[in-house]
1. If only one of TYR22, TYR17 is surrounded by 10 or more Cβ atoms within 10 Å (Cβ to Cβ) and either part of a strand (DSSP E or B) or hydroxyl-bearing (Ser, Thr, Tyr) (or both), which one is it?
2. Which of the residues spanning segment 25-63 are of a type in the set (A, V, I, L, M) and assigned to a helix (DSSP H, G or I)?
3. Give ILE14, ILE51, ILE78 a once-over and let me know the one that is in contact with a Leu (Cβ under 8 Å, 6 or more places away or on another chain) and modelled with pLDDT of 90 or more.
4. Considering only segment 63-80, state which residues are among the β-branched types (Val, Ile, Thr) and over 17 Å from ARG16 (Cβ atoms).
5. Kindly indicate the residue of segment 37-62 that is loosely packed, with under 13 Cβ neighbours inside 10 Å and among the hydrophobic types (A, V, I, L, M, F, W, C) and also farthest from VAL18 (Cα to Cα) among those meeting that condition.
6. On the basis of being surrounded by 12 or more Cβ atoms within 10 Å (Cβ to Cβ) and touching a residue at least 60 places away in the same chain (Cβ under 8 Å), does ILE78 make the cut?
7. Please go through segment 25-65 and give me each residue that is under 17 Å from ILE77 (Cβ atoms) and not hydrophobic (A, V, I, L, M, F, W, C), ordered by number.
Amino acid sequence: MNYKFNEGETIKQIQRYVDKTYEQHYAYGDYQATDVIFDSGHGKGFCIGNIIKYAMRYGKKNGHDDSDLLKIIHYAIIAI
């Protein structure tokens, strides 16, 4: 596919980011905190809250840091 806005490379970047998070998150044994939150029935709200948090932070904490945008996308994927 010949993407107009380089979406193919962006999707690869998102996948690399998501893959990396599985190596660094707050894991206790085989479970991450997000697993416990989802198991308690609050997963979608947790994700939406984090999307809002990182959207409001974008441009403030580390300038216009793409890592905040990647976090927003990752939480949106989890919520879906």
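1. Being surrounded by 10 or more Cβ atoms within 10 Å (Cβ to Cβ) and either part of a strand (DSSP E or B) or hydroxyl-bearing (Ser, Thr, Tyr) (or both) holds for just one of TYR22, TYR17, which is TYR17.
2. Of everything in segment 25-63, those that are of a type in the set (A, V, I, L, M) and assigned to a helix (DSSP H, G or I) turn out to be ALA33, VAL36, ILE37, ILE48, ILE51, ILE52, ALA55, MET56.
3. Working: ILE51 fails: in contact with a Leu (Cβ under 8 Å, 6 or more places away or on another chain); ILE78 fails: in contact with a Leu (Cβ under 8 Å, 6 or more places away or on another chain).
Step by step, each of ILE14, ILE51, ILE78 is checked, and only ILE14 is in contact with a Leu (Cβ under 8 Å, 6 or more places away or on another chain) and modelled with pLDDT of 90 or more.
4. ILE80
5. Selected residue: MET56.
6. So ILE78 does not fit the description; no.
7. Those that are under 17 Å from ILE77 (Cβ atoms) and not hydrophobic (A, V, I, L, M, F, W, C): HIS25, GLN32, THR34, ASP35, GLY43, LYS44, GLY45, GLY49, ASN50, LYS53, TYR54.
The values are calculated or read from the model by the stated rules, or taken from the named source; none is laboratory data. All values derive from a computational prediction rather than experimental measurement. All Cβ positions, even for glycine, are placed from backbone atoms using ideal geometry, and neighbour counts span all protein chains on display.
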